[in-house]
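In what follows, a single structure is set out as C-alpha cells and then discussed.
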Amino acid sequence: MILKEKKIVISLLAFVLPFFLFAVTPQKETRLFAVKDGQELKMDIHSSDSVFSNSQPCLMFVFGGGFMAGSREGKEYDAFFGHFVDKGFKVVSIDYRLGMKGVKKAPGLFNTKPIQNAIALAVSDLYSATEYLLQHATELNIDTTRIIISGSSAGAITVLQADYEKRNNKPSAELLPRDFRYAGVISLAGAIFSTEGFPTYTIPPAPTLFFHGSADKLVPYNQIRFFRMGMFGSKPLAAHFKKHGYPYVFYSMENIGHDVS
C-alpha cells in the first residue's frame, strides 16, 4: 500500500512541477452544487474536448484570499488548471463561503473563533462539492478513487484540514461516505488548525505535496501554538509525515514569503 501511495506522490510531482509551461484553454461548464446561508455555491468543471474511454482522475481546487476574498475564476490559476486538463484530468474549481468577510477584529491566539468558523465553513463546502461529484461521477466521467484536492493559501488550509478531518472521522466529514478517501492533497502554503494539540491521524493521510516559503508571514511555515491550540504549518506537518512513513514531498522555498501560494 505504501509503495502504491509513493507512486501517487511521484505522479503528482510529474504533473505539478512543469505546469507553468502549459497554457491550454480547457472547456468550462458551471454548475450549482449547493445553496447555504442564502448563497449559491457553484463549481467550474474544466475539461478537454478529448473523448476518454475510461473514467478520468479529478483535481478539485480551492482558491485563496484569507477566507475574505478570492474567486474560483481567478485568472492566475488558468495555467495550473490547463496543465492538469492537458494531462487528462477533470479540474473542478469551487466556491465556498468566506467566513472572514466583514469580520472587523483580526483573529489571534485569544480570538480564534473567527478563523475556526471560516475554516469550518470552507471545509463543509468542499465536502458538499465532493459529495456532488460523487453523486454525478458517472455523468461527469470521474473516477471517484482518484479525486485529488488542492488549494492556495486559505484554500490550502482548507484542503489540509479537510483530509485531516476525514481521516479522523470528525463529525464534519459525515456528509461523505465513510469509506471515501481523497487520493491526494496539494497544498500551496497551507496549515492545519487544531484545538487538540499537534494534528495526528487515525487513518494515514492522503499522499501530500507541501509547498511553502520559509519567510511566510501570513500562513505559518512552522507553527503558532498556545497550549493545545494552534495553527500547524508545512514544516512540522512534513516532519510528522516523515516520522510516520506517510507519503509526502515537501518543497521548502527558503527566504520566500507568501508568494508561494
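The values are calculated or read from the model by the stated rules, or taken from the named source; none is laboratory data. Keep in mind the model is a prediction, meaning the values are calculated, not measured. As a convention, Cβ positions derive from the backbone with ideal geometry for all residues, glycine included, and neighbour counts pool all protein chains shown.
Things to note:
- Residues satisfying the stated conditions in the stretch 42-82, i.e. of a type in the set (A, V, I, L, M, F, W, C), touching a Phe, Trp or Tyr at 6+ places or on another chain (Cβ under 6 Å) and surrounded by 19 or more Cβ atoms within 10 Å (Cβ to Cβ): Met43, Leu59, Phe80
- The stretch 147-162, residues that are β-branched (Val, Ile, Thr) and farther than 9 Å from Val62 by Cα: Ile147, Ile148, Ile157
- Positions within the stretch 187-217 being assigned to a loop (DSSP other than H, G, I, E, B), surrounded by 14 or more Cβ atoms within 10 Å (Cβ to Cβ) and touching a helix residue (DSSP H, G or I) at 6+ places or on another chain (Cβ under 6 Å), in sequence order: Ala189, Gly190, Pro199, Tyr201, Pro205, Ala206, Pro207, Asp216
- Only a single item in (1) in a strand (DSSP E or B); (2) modelled with pLDDT of 95 or more is not met by Lys235, and it is number (1).
- Single match in Ile119, Ile115, Ile157, Ile142 (criterion: under 11 Å from the mean Cα position of the chain (by Cα) and touching a residue at least 60 places away in the same chain (Cβ under 8 Å)): Ile157
- Close pairs (7 angstrom Cβ cut-off, 6 or more residues apart or separate chains): closer than 18 Å to Ala154 by Cα and hydroxyl-bearing (Ser, Thr, Tyr) in the stretch 222-238, modelled with pLDDT under 95 and buried (at least 20 other Cβ atoms within 10 Å of the Cβ) anywhere: Ser234/Tyr221
- Residue satisfying all of: in the stretch 121-171; charged (D, E, K, R) and part of a helix (DSSP H, G or I); surrounded by the fewest Cβ atoms within 10 Å (Cβ to Cβ) among these: Glu139
- Condition check for Ser153: modelled with pLDDT of 95 or more and at positive phi: yes
- Any chance Arg97 is basic (Lys, Arg), in contact with a strand residue (DSSP E or B) (Cβ under 7 Å, 6 or more places away or on another chain) and either surrounded by fewer than 24 Cβ atoms within 10 Å (Cβ to Cβ) or closer than 15 Å to Val185 by Cβ (or both): yes
- Unmet criterion (only one of (1) surrounded by 19 or more Cβ atoms within 10 Å (Cβ to Cβ); (2) more than 19 Å from the chain's Cα centre (by Cα)) for Ile256: (1)
- Taking the criterion of being hydroxyl-bearing (Ser, Thr, Tyr) and closer than 16 Å to Ala162 by Cβ, the residues of the stretch 201-233 that qualify are Tyr201, Thr202, Thr208.
- Residue match in the stretch 99-112 (condition: touching a residue at least 24 places away in the same chain (Cβ under 8 Å), under 26 Å from Gly213 (Cα atoms) and within 14 Å of the chain's Cα centre (by Cα)): no
- In the stretch 25-40, the residue that is surrounded by the most Cβ atoms within 10 Å (Cβ to Cβ) out of those that are outside any strand (DSSP E or B) and of a type outside the set (Val, Ile, Thr) is Pro26.
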